[in-house]
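The values are calculated or read from the model by the stated rules, or taken from the named source; none is laboratory data. What you see is a predicted model; the values in this text were computed from it and never measured. Here Cβ is always computed from backbone atoms with ideal geometry, including for glycine, and neighbour counts include all displayed protein chains. Areas reflect the complete protein model, heavy atoms only, side chains present, ligands, DNA and RNA absent. Shrake-Rupley method; radii C 1.70, N 1.55, O 1.52, S 1.80 Å.
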Amino acid sequence: MLRFKTKAGLQTYMVFILAMLLLANTVSAAFKYSMENDSIIKQKDAPAIIPLPQQFSRPSLDKAETTYFQLTAKTPILLEGAVKDLLTVQQRNEMRQYFRNRLLTLGGQKFELPMLEANKMKGMDKGKINGRNAVAGIVFRLAKDQLAAKTVNHQAKGAYTLEVTPGQVIISAQDKSGFFYGLVSLLQLGLHEKPLAGHKQVINIPCWKIKDQANYGWRGLMLDESRHFFGKQHVKQLLDWMAYYKLNYFHWHLTDEPGWRLEIKAYPKLTTIGAIGNKTDSTAPPKFYTQQEIREIVRYAEARGITVIPEIDMPGHGTAANRAYPENSGGGVGKYANFTFNPGATNTYRFLTNILRETNGLFNADFVHLGGDEVSFGNSGWKDLPAVKQLMARENLKDNKAVEAYFLKRMQDSALQFNKKIMTWDEGVAAGLRPDKTIICWWRQDKTDVLASALAGGYDIVMCPRIPLYFDFVQDSTHKVGRRWAGKYASLRQVFEFNPKHYTRQVDKKGRILGMQANLWTETVQTEKRLEFMLFPRMAALAEAAWTKPAVKQFNQFESTLQQELHLYNKAGLYYFNPFAPASTPEPVK
Ligand code: TNX
């Protein structure tokens, strides 16, 4: 037992013990903090929004205030003066409808959300904002200053600020997509919050101050509906999710070997014959989109800030069209029989130009995708076709590559007649197409020389290298059905971390990378279930890669928002891959 001669001695001892305890506590807390900080930005330190906004902070709040804005069934969206000149009535309604439908599907909440012009808001509920009374609503305000940093390729579109305070929400933007994206961010903040027990009619939206704009202007997704057809409802559902992740280009691969999926009035056999069958069943009943349906889908996409780009693949991957109109076939061998169009026949150009004319009338994008990929799979017979022989002699074309280039240039001229620029796969780089009228999709990740020559040639480029942006590749080491490349596949994390600069640091001096796109080829995707499994949650990771600057995003933070996202996938009835518990979501084989 310790004995102290004086009271002061005892006191000194006690102070010493206390100090030691405090020190130990601090050290352990500091250790714990550094452990956490190394690996995790805690959820409360970043807004639960995918893709993560570029800048965010907590607004400085009066201590007495709560840290939420309460969205109720009656919360109005208020349009300030200049906004009502910027947004047409139709555009306003489309935004509001999207917001409401998502709240209903994902939050189970049926909210009215009236949209009012700000001068008609007398008599509404008031909340406190900066000490003043203000209407408790979502205010749309025209941004006075240039919101977005000026950048090379239309990145500036869609910039917004979002300020959520207990009394009011303010979304400032300068264009339609900025208001839409502000609303989408608000939606996610609300949906990712745990619902208040017993408060069905209230959604708590945490307070944040956000300033945001896309890092890349092209944030795309491609769906192949030739190999397997999924139909209008599914495409609409996909567009809903694309908008939710601020993706803005839907590239629609509508023609290929197994089936032609686009009604062309001038050539009815393209669908009565060409639409029969799919990759796994060559006798399956015809499946295709009528022109009416195409228009409906293009409108649906437009209302969600998404541009639809159709792809009519040529001069390879033309098998389905050649089944319907064999007179245009340029042959092919073995399993690639009738894979190509005949590049020597005038009729081929007439046929394909007429198809482009009708296609042009259905889509409102500035571009049409002409494919141009993998022609060598089926062009070995070209040299034996009399028409091709004549063409080669007449135009002084020395080999199949030169014939292919001639073909693509001539079809580019056709597209230009309708005021459309073209996109092609990266094989188009070798064809000498007009750089000011062509966008190249770089897909062969093993051919970095092709990317370099595309950049040197002055082409704008959409990055979609197979690894990691081909979503027909498997996403987990245990998955068996999808593709791999030399054992490599496309994991969630790789998609998230994809950064075009890794490929282009040396060569992209002019900012010609428009952005990126994931491509879902469907040879191995027969069912909606597998389609969803291949897309979710990689689509969320794609959004982060395309929207958020690499210096801002953090995989751990993304994962933590994704945990909440999976609940929403459940509510939407999606079959997704759960990266946190792979065994709980087995890979569908079909
Ligand atoms: C290559 S990507 C193709 C497609 C296939 C895909 C499968 C491209 C331009 N051509 O026809 O579906 O690989 O991953």
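Sparse packing (at most 15 other Cβ atoms within 10 Å of the Cβ) combined with a DSSP loop state is found for the following trypsin sites (Lys or Arg not before Pro) in region 256-288: Lys265. Ordering Ala431, Gly316, Asn364 by Cα displacement along the dipole of the chain toward the positive end leaves Asn364 in first place; charges were set at the Cβ atoms of Lys, Arg (+1) and Asp, Glu (-1).
Computed with a 1.4 Å probe on the full set of protein chains, the accessible area for Asp476 sits at about 30 Å². Which one of Tyr575, Gln390, Asn400 has its Cα pushed farthest toward the positive end of the charge dipole of the chain, where Lys and Arg give +1 and Asp and Glu give -1 at the Cβ? Checking the options against the dipole of the chain, the answer is Tyr575. For the listed residue pairs Lys211/Lys510; Lys176/Lys553; Lys383/Lys447; Lys401/Lys447; Lys211/Lys549, the alpha carbons are over 22 angstrom apart in Lys211/Lys510; Lys176/Lys553; Lys383/Lys447.
Taking Cα centre as origin and charging only the Cβ of basic (Lys, Arg, +1) and acidic (Asp, Glu, -1) residues, the dipole magnitude of region 180-259 rounds to 460 debye.
Dipole of the chain computed with +1 at Lys/Arg Cβ and -1 at Asp/Glu Cβ about the Cα centre; of Leu116, Thr548, Phe498, farthest Cα towards the positive end is Leu116. The overall shape of the chain is prolate: from the C-alpha gyration tensor, with semi-axes ordered a ≥ b ≥ c, the ratio a/c is 1.5 or greater and a/b exceeds b/c.
Estimated from helical segments only, the mean residue ellipticity of the chain at 222 nm is -11000 deg cm²/dmol, where each DSSP H run of four or more residues counts as -39500 (n - 2.57). In the context of the full set of protein chains, residues of the chain present 44 Å² of accessible surface per residue (probe radius 1.4 Å, heavy atoms only).
If you sort the three axes of the alpha carbon gyration tensor as a ≥ b ≥ c, you get a/c of 1.5 or more for region 277-433 and a/b no higher than b/c, which makes it oblate.
By accessible area, using a 1.4 Å probe on protein heavy atoms only, region 462-557 has 48% of its surface on carbon and sulfur.
Give the peptides 168-174, 323-329 in descending order of average Cβ contacts within 10 Å, highest first.
By packing density, highest mean first, the sequence is 168-174, 323-329.
Taken about its Cα centre, region 411-499 carries a charge dipole of roughly 220 debye when the Cβ of each Lys and Arg holds +1 and the Cβ of each Asp and Glu holds -1.
Quickly rank 340-346, 511-517 as a protection proxy: mean count of other C-beta atoms within 10 Å, highest first.
Output ranking for 340-346, 511-517: 340-346, 511-517.
Per-residue packing, averaged as other Cβ atoms within 10 Å, sorts the ranges 457-467, 52-62 into the order 457-467, 52-62, beginning with the highest.
I want to verify the translational diffusion coefficient of region 464-590 in µm²/s; compute it with Stokes-Einstein, Rh as the Kirkwood radius over Cα pairs, at 20 °C and 1.002 mPa s. For these conditions, the coefficient is 140 µm²/s. Shown for region 279-361: the carbon plus sulfur share of the solvent-accessible area, taken with all protein chains present and a 1.4 angstrom probe, equals 51%.
In region 210-264, what chymotrypsin sites (Phe, Trp or Tyr not before Pro) fall in a loop by DSSP, with at most 14 other Cβ atoms inside 10 Å?
Of the chymotrypsin sites (Phe, Trp or Tyr not before Pro), not one in the loops of region 210-264 has a Cβ with at most 14 other Cβ atoms within 10 Å.
Charged side chains reduced to their Cβ positions (Lys and Arg at +1, Asp and Glu at -1) give the chain a dipole of some 1480 debye around its Cα centre. If the segment from Asn499 to Asn396 were pulled out straight at 0.36 nm per residue, it would be longer than the present Cα-Cα gap by 32.9 nm.
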